[in-house]
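Peer 1: Shown below is the structure under consideration.
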Amino acid sequence: MPKQVVFYQLGGAEVLQVEEQPLRDPLASEVRIKVAAIGLNRAEVMFRMGAYLEQPELPARIGYDAAGTVDAVGDGVDHIQVGEQVATIPAFSMNAYGVYGESAIVPAHAVAAYPPSLTPSQGASVWMPYMTAWGALVHYGSLSAGQAVLITAASSSVGIASIQMVKEAGATAIATTRGRNKANALVEAGADHVVVTDEEDLAERVLAITDDQGADIVFDPVAGPTLTELGKATKPGGVVFVYGALATAPTPFPLMEALGRGLTVRGYTLFEVTRQPDLAASAVNYISTRIESGAYKPLVSREFKLDDIVEAHRFMESNAQIGKIVVVTS
């Protein structure tokens, strides 16, 4: 029987358990994947703690990102074949599906072939980060050459994907990190400028970089009180995309900055893209083309074994990673 990760109560990483469960067949419009690699996301940390967009229905499975080989398809699935190498697209509720394990069943519309130049670990690091960035920056933000884009928490997998996306578009990537220990790695990842927020005034530095204009687009998963500073660092008429709540603290609306600069402060999640099939297909095509050209390259921070899922989650919570944390099944 394949191993699966489940949890029976909310809490820290220690609530995650690896169990053997019967292999089941996919239902209509579903596919089953023999999983080779699993990509971890902050959303899953929040989910097991009961602090996510949806509350877990216990006992719960968990996980959005997995790469592997299709080994069964349900009735009505004719565009995906057994034997295809695919990765999952987060287009489902974790209360209905969860991909942490040696086998995963997901809706057929929530998989896509990843470029063959990638390893399974890189394949599990594609769709969540790059589609998240694409939706905000390219689709809604109309990213274009010559703009300045401020990317906070830039050492995350979404942050690294965003840096690559901004650079490929001919725009300026301004990355933030709390400590100087990650600054060089962010430059190596393509950032034009790195702001170390524990040492520098964020708004002051961004304004200096942009000749007092401010960033055209801000892409932020942190929120909290820092949102006011981000407003100060944004160009008049610019947009601040907030796609997470890592701060866990209350988030005051930056009213004076929004009024004084005519800012748009917009909540955003990846599901705005993945739950619209045509839009998701556009994103997959855009991203795949650039991975194949070498413009984008998923960055794997560290690999863990499935039996070490608790340690892997604790590593994610340590904020030590640069790129994607991956769990491999063999």
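The values are calculated or read from the model by the stated rules, or taken from the named source; none is laboratory data. Predicted, not measured: the structure shown is a model, and the values here were computed from it. Every residue, glycine among them, receives a Cβ derived from its backbone with ideal geometry; neighbour counts consider all protein chains shown. Heavy atoms of the whole protein, side chains included, go into the accessibility calculation; ligands, DNA and RNA do not. Shrake-Rupley method; radii C 1.70, N 1.55, O 1.52, S 1.80 Å.
Peer 1: Search segment 300-309 for residues being among the acidic types (Asp, Glu) and farther than 11 Å from Ser121 by Cβ, and hand back the single one that is surrounded by the fewest Cβ atoms within 10 Å (Cβ to Cβ).
Peer 2: Keep residues of segment 300-309 that are among the acidic types (Asp, Glu), which gives 303, 307-308.
Okay, now just the ones that are also farther than 11 Å from Ser121 by Cβ, so 307-308.
Numbers: Asp307: 12, Asp308: 14.
Filtering segment 300-309 for residues that are among the acidic types (Asp, Glu) and farther than 11 Å from Ser121 by Cβ, the one surrounded by the fewest Cβ atoms within 10 Å (Cβ to Cβ) comes out as Asp307.
Peer 1: Only one of these conditions is not met by Ala247: (1) open to solvent by less than 60 Å² (accessible area, probe 1.4 Å); (2) assigned to a helix (DSSP H, G or I). Which number is it?
Peer 2: (2)
Peer 1: So, one more: Every residue in segment 287-299 that is under 17 Å from Ser162 (Cβ atoms) and outside any helix (DSSP H, G or I), please. Can you show your working first?
Peer 2: Here is the first cut: in segment 287-299, the ones under 17 Å from Ser162 (Cβ atoms) are 287, 290-291, 295-299.
Within segment 287-299, Ala295, Tyr296, Lys297, Pro298, Leu299 meet the criteria.
Peer 1: Taking the options Pro116, Pro90, name whichever one is crowded, with 20+ Cβ neighbours inside 10 Å and in a loop (DSSP other than H, G, I, E, B). Full working, then the answer.
Peer 2: On the way: Pro116 fails: crowded, with 20+ Cβ neighbours inside 10 Å.
After ruling out the rest, the residue left standing is Pro90.
Peer 1: Can I ask one more? Within segment 310-330, can you find the residues that are open to solvent by 60 Å² or more (accessible area, probe 1.4 Å), part of a helix (DSSP H, G or I) and closer than 23 Å to Glu102 by Cβ?
Peer 2: Glu311, Arg314
Peer 1: Then there is this: Take segment 255-286 and flag every residue that is part of a helix (DSSP H, G or I), within 21 Å of Asp220 (Cα to Cα) and open to solvent by less than 20 Å² (accessible area, probe 1.4 Å).
Peer 2: Within segment 255-286, the subset part of a helix (DSSP H, G or I) is 255-261, 271-274, 277-286.
After this cut, where a residue has to be within 21 Å of Asp220 (Cα to Cα) as well, the list is 255-261, 271-274, 283.
Residues satisfying the conditions are Ala258, Val273, Thr274, Ala283.
Peer 1: Okay, moving on. May I ask you to list the residues in segment 107-142 that are among the β-branched types (Val, Ile, Thr) and within 12 Å of Ala67 (Cβ to Cβ)? Explain how you work it out, then say what you get.
Peer 2: Applying the first criterion (among the β-branched types (Val, Ile, Thr)) to segment 107-142 yields 111, 119, 126, 132, 138.
Val111, Thr119, Val126 - these are the residues of segment 107-142 that are among the β-branched types (Val, Ile, Thr) and within 12 Å of Ala67 (Cβ to Cβ).
Peer 1: Looking at segment 246-296 only, could you name the residues that are of a type in the set (A, V, I, L, M, F, W, C) and free of Cβ contacts under 8 Å to residues at least 40 places away in the same chain? Working first, answer last.
Peer 2: Within segment 246-296, the subset of a type in the set (A, V, I, L, M, F, W, C) is 246-247, 249, 253, 255-256, 258-259, 263, 265, 270-271, 273, 279-281, 283-284, 287, 291, 295.
Across segment 246-296, the qualifying residues are Ala247, Ala249, Phe253, Leu255, Met256, Ala258, Leu259, Leu263, Val265, Ala281.
Peer 1: Yes or no: Arg48 among the basic types (Lys, Arg), open to solvent by 20 Å² or more (accessible area, probe 1.4 Å) and in contact (Cβ under 8 Å) with a residue 24 or more places away in the chain? Please lay out each step first, then the result.
Peer 2: Values: among the basic types (Lys, Arg): yes; open to solvent by 20 Å² or more (accessible area, probe 1.4 Å): no; in contact (Cβ under 8 Å) with a residue 24 or more places away in the chain: yes.
Judged against the criteria, Arg48 is not a match.
Peer 1: List every residue pair whose Cβ atoms lie under 6 Å apart, where the two residues are 6 or more positions apart in sequence or sit on different chains, the first residue falls within segment 300-324 and is under 14 Å from Gly12 (Cα atoms), and the second residue, located anywhere, is basic (Lys, Arg) and assigned to a strand (DSSP E or B).
Peer 2: Short answer, once both residue conditions are applied: none.
Peer 1: Being farther than 24 Å from Ala215 by Cα and either of a type in the set (Gly, Ala, Ser) or in contact with a His (Cβ under 9 Å, 6 or more places away or on another chain) (or both) is the filter here; which residues of segment 287-298 pass it?
Peer 2: Ser288, Ser293, Gly294
Peer 1: Test of understanding: among Val82, Val77, which residue is farther than 25 Å from Ser121 by Cβ, in a loop (DSSP other than H, G, I, E, B) and open to solvent by 10 Å² or more (accessible area, probe 1.4 Å)? Quick ask: steps written out before the conclusion?
Peer 2: Numbers: Val82 fails: farther than 25 Å from Ser121 by Cβ.
Going through Val82, Val77 in turn, the sole match is Val77.
Peer 1: Do we have Leu227 as surrounded by 18 or more Cβ atoms within 10 Å (Cβ to Cβ) and under 23 Å from the mean Cα position of the chain (by Cα) here?
Peer 2: Yes.
Peer 1: Another question, then. Scan segment 103-113 and tell me whether some residue there is part of a helix (DSSP H, G or I), open to solvent by less than 10 Å² (accessible area, probe 1.4 Å), in contact (Cβ under 8 Å) with a residue 40 or more places away in the chain and within 30 Å of Pro236 (Cα to Cα).
Peer 2: The first filter runs over segment 103-113 and keeps only residues part of a helix (DSSP H, G or I), leaving 108-110.
Those still in the list that are open to solvent by less than 10 Å² (accessible area, probe 1.4 Å) too: 108, 110.
Now restrict to residues that are in contact (Cβ under 8 Å) with a residue 40 or more places away in the chain: 108, 110.
After this cut, where a residue has to be within 30 Å of Pro236 (Cα to Cα) as well, the list is none.
Scanning segment 103-113 turns up no residue that is part of a helix (DSSP H, G or I), open to solvent by less than 10 Å² (accessible area, probe 1.4 Å), in contact (Cβ under 8 Å) with a residue 40 or more places away in the chain and within 30 Å of Pro236 (Cα to Cα).
Peer 1: Hand me the list of strands (runs of 3 or more DSSP E) wholly inside segment 130-208 holding 1 or more residues that are open to solvent by 30 Å² or more (accessible area, probe 1.4 Å), touching an Asp or Glu at 6+ places or on another chain (Cβ under 7 Å) and within 17 Å of Val218 (Cβ to Cβ). First the steps, then the outcome.
Peer 2: On the way: elements: 148-151, 172-177, 193-196.
Strands (runs of 3 or more DSSP E) meeting the threshold: 172-177.
Peer 1: Starting from residues that are in a strand (DSSP E or B) and within 14 Å of Val99 (Cα to Cα), keep the ones in segment 51-73 and report whichever is most open to solvent (accessible area, probe 1.4 Å). It would help to see each step written out before you state the result.
Peer 2: Restricting attention to segment 51-73, the residues satisfying the condition of being in a strand (DSSP E or B) are 60-61, 65-73.
After this cut, where a residue has to be within 14 Å of Val99 (Cα to Cα) as well, the list is 60-61, 65-70.
Numbers: Ala60: 5, Arg61: 64, Asp65: 3, Ala66: 1, Ala67: 0, Gly68: 3, Thr69: 42, Val70: 2 Å².
The residue in question is Arg61.
Peer 1: Among the numbered criteria (1) open to solvent by 60 Å² or more (accessible area, probe 1.4 Å); (2) of a type outside the set (Gly, Ala, Ser); (3) in contact with a Phe, Trp or Tyr (Cβ under 6 Å, 6 or more places away or on another chain), which single criterion is violated by Lys235?
Peer 2: Of the numbered conditions (1) open to solvent by 60 Å² or more (accessible area, probe 1.4 Å); (2) of a type outside the set (Gly, Ala, Ser); (3) in contact with a Phe, Trp or Tyr (Cβ under 6 Å, 6 or more places away or on another chain), the odd one out for Lys235 is (3).
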